[in-house]
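To start, the structure itself, in structure tokens.
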Amino acid sequence: MGLKVLFVSPEVFPLAKTGGLGDVAGFLPRALIDAGLDVRILMPAYPGTKDHLARRRVEARFGDLLGGGDTDLVGGRAKDSGLPFWLVDCPPLFDRQGLYQDDDARDWPDNALRYAVLCHVGARLAGAASPVPWRPDVVHCNDWQTGLIPALLALGGGPRPATVFTIHNLAYQGVFPAAVFPTLGLPAESFTLHGVEFHGQVSFMKAGLTYSDKLTTVSPTYAAEIQTTTYGCGLDGLLRARAGDLVGILNGVDTANWDPATDPNLPHRFDPHDMAGKARNKTALQEELGLEPAADAPLIGLVSRLTEQKGLDLLMTVAPDILARGAQLALLGVGEPALERALGRLAEEHPGRMAVQIRFDEGLAHRIEAGADVLLMPSRFEPCGLTDLYGFRYGTMSIVHRVGGLADAVIDATEDALSAGTATGFTYEESTREDLLAAIDRAIGLYRRPEQWARLRRHVMDLDFGWPVAAAKYIDLYREVVARRGDAAG
Ligand code: ADP
């Protein structure tokens with residue numbers, strides 16, 4: 001039997017998703033199972049989450065953990081994929097529409113308690129006193145919401161599995177006032193500089209980084225960046241100290257879900273040998289979004305959470321220049337209310353040339369990936385960035401700030417890279433108007449050279465960013481960390 005992995009995430013596509021973490025948690029476990037591993041996924045039961053499971057049953061009852069309400073463990077198989085899931089079912093904590101925030105984009109005030117409960121369930125399932133017979137060799141935790149699991153296991157004494165913690169975004173740390181600490185069920189001695197204490201507060205992220213056997217993040221460049229003061233969000237010192245245990249593994253793409261030849265979200269299908277459908281998707285997208293039906297206007301797409309990180313304020317300063325060059329902008333996103341309003345106003349000022357849709361819409365995300373000529377990712381920092389990888393599948397290159405995973409995936413279309421056939425998009429160095437516009441100009445310039453553009457498109461459609469490549473790296477890491485724990489125990 002293969003290695004047993006308990007994969008814990010606060011969101012898993014298609015049961016619940018706000019961003020890239022949901023995609024990773026939805027598709028990496030499948031790739032691990034395909035490679036022969038025995039994987040169970042643990043996540044909270046949000047509204048509607050249970051409906052995704054077939055053969056659903058309560059497998060354990062934990063009672064009232066941490067005072068958050070009675071908590072059950074609901075097991076079942078995902079109806080779409082057959083993946084084995086465990087849901088943490090505690091309606092007072094998780095039966096709310098927003099995963100982490102209310103309708104006004106304010107964090108739920110009890111997020112510490114909510115995710116501490118997820119962590120306690122995870123630690124129970126991994127520990128010797130688990131209520132179920134299945135015991136993992138590895139617990140793979142994802143982002144701050146799971147950060148207390150490695151701490152509970154390491155501090156609990158007793159036999160425990162190996163722990164791997166993946167940083168999907170270091171900027172979200174789960175930092176709460178010290179007054180919350182006594183409610184989290186952690187040993188008192190862990191509230192120190194070398195434990196979960198962070199500038200007088202409690203940090204779930206720091207707990208994960210401190211107590212896990214191995215750390216990963218979602219691209220090699222981001223793994224290096226987070227060890228610097230610029231990108232380290234105050235945790236760079238700790239990450240430098242743990243550099244020997246930190247690796248960057250670029251996320252993959254689910255090639256079945258993002259496939260222009262079969263994608264049910266698209267009005268027209270296409271593939272590298274028959275690209276006519278791509279042009280038809282562009283026309284359909286222009287019509288859907290109320291953009292002028294101009295086949296030769298470069299259509300620039302953007303699908304993003306609307307936060308400071310994603311550089312939308314920068315986009316707004318250059319949008320009039322982009323439109324003045326005859327290009328069109330199609331943006332889909334949801335996030336900070338002030339950004340949503342400002343983007344909406346800008347679109348109203350440019351009817352027919354800039355379209356802004358403020359909502360979460362998986363289908364439209366696919367249609368933008370397919371119908372746009374080029375995608376824009378002006379992120380200030382970007383741990384991985386999946387939309388550029390998805391774009392490749394649809395022959396849509398990206399214009400990106402050369403940071404994090406974007407730097408790893410996008411090879412700038414310099415004359416040299418174009419001649420060598422290695423270019424995959426357009427990069428710029430600094431988050432400034434000038435740099436961004438220069439990259440956009442280069443993209444538009446190349447778009448006006450249809451033969452070169454078509455060659456670039458063919459090349460990116462041939463790239464292999466499938467999950468098996470990334471999954472193999474995680475499996476090596478699991479083996480290493482299990483062997484190391486075996487040595488330590490022996
Ligand atoms: P992040 O994880 O920071 O949100 P990524 O680029 O890694 O950024 O992943 C974003 C994922 O979320 C992609 O799958 C993208 O298509 C999706 N996404 C973001 N915003 C929306 C939206 N408003 N509607 C549909 N999908 C969205």
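The values are calculated or read from the model by the stated rules, or taken from the named source; none is laboratory data. Computed from a predicted model, the values in this text were never measured in an experiment. Cβ sites come from the backbone with ideal geometry, for glycine too, and all protein chains shown count toward neighbours. Calculation scope for accessible area: heavy atoms of the full protein, side chains included, ligands and nucleic acids excluded. Shrake-Rupley method; radii C 1.70, N 1.55, O 1.52, S 1.80 Å.
Met461 passes every criterion in (1) touching a Pro at 6+ places or on another chain (Cβ under 6 Å); (2) within 16 Å of the ligand (Cβ to nearest atom) apart from (2).
How many residues does the stretch 322-332 hold that are crowded, with 18+ Cβ neighbours inside 10 Å and not in a helix (DSSP H, G or I)? Number of matching residues: 6. Is at least one residue of the stretch 444-462 within 15 Å of Leu323 (Cα to Cα), assigned to a helix (DSSP H, G or I), charged (D, E, K, R) and in the same structural domain as Lys310 (by TED's automatic domain parsing)? No; the residues of the stretch 444-462 include none that is within 15 Å of Leu323 (Cα to Cα), assigned to a helix (DSSP H, G or I), charged (D, E, K, R) and in the same structural domain as Lys310 (by TED's automatic domain parsing). Look at the stretch 279-302: where a residue is part of a helix (DSSP H, G or I) and a partner is basic (Lys, Arg), sitting 6+ places away or on another chain with Cβ atoms under 6 Å, you get Leu285/Arg367.
Pairs are defined by a Cβ separation below 9 Å, a sequence spacing of at least 6 or placement on different chains, a first member in the stretch 440-457 that is surrounded by 15 or more Cβ atoms within 10 Å (Cβ to Cβ), and a second member that is in a helix (DSSP H, G or I) and among the hydroxyl-bearing types (Ser, Thr, Tyr); the pairs so defined are Trp453/Tyr447.
In the stretch 275-294, of all residues being under 28 Å from the mean Cα position of the chain (by Cα) and farther than 22 Å from Ala454 by Cβ, the one that is surrounded by the most Cβ atoms within 10 Å (Cβ to Cβ) corresponds to Leu289. Scanning the stretch 177-205 for residues that are open to solvent by 20 Å² or more (accessible area, probe 1.4 Å) and of a type in the set (Val, Ile, Thr) yields a count of 3. Of the strands (runs of 3 or more DSSP E) that lie entirely inside the stretch 367-434, those containing 2 or more residues that are within 11 Å of the ligand (Cβ to nearest atom) span 374-377, 397-401.
The set of residues in the stretch 295-321 that are among the aliphatic types (A, V, I, L, M) and either open to solvent by 60 Å² or more (accessible area, probe 1.4 Å) or in contact with a Lys or Arg (Cβ under 9 Å, 6 or more places away or on another chain) (or both) comprises Ala295, Ala297, Leu299, Leu302, Leu314, Val318.
Restricted to the stretch 12-105, the set of strands (runs of 3 or more DSSP E) holding at least 3 residues that are more than 26 Å from Cys384 (Cα to Cα) comprises 53-64, 70-78, 84-89. Considering the conditions (1) over 21 Å from the mean Cα position of the chain (by Cα); (2) closer than 21 Å to Lys473 by Cα; (3) open to solvent by less than 10 Å² (accessible area, probe 1.4 Å), Asp137 is excluded by exactly one of them, (3).
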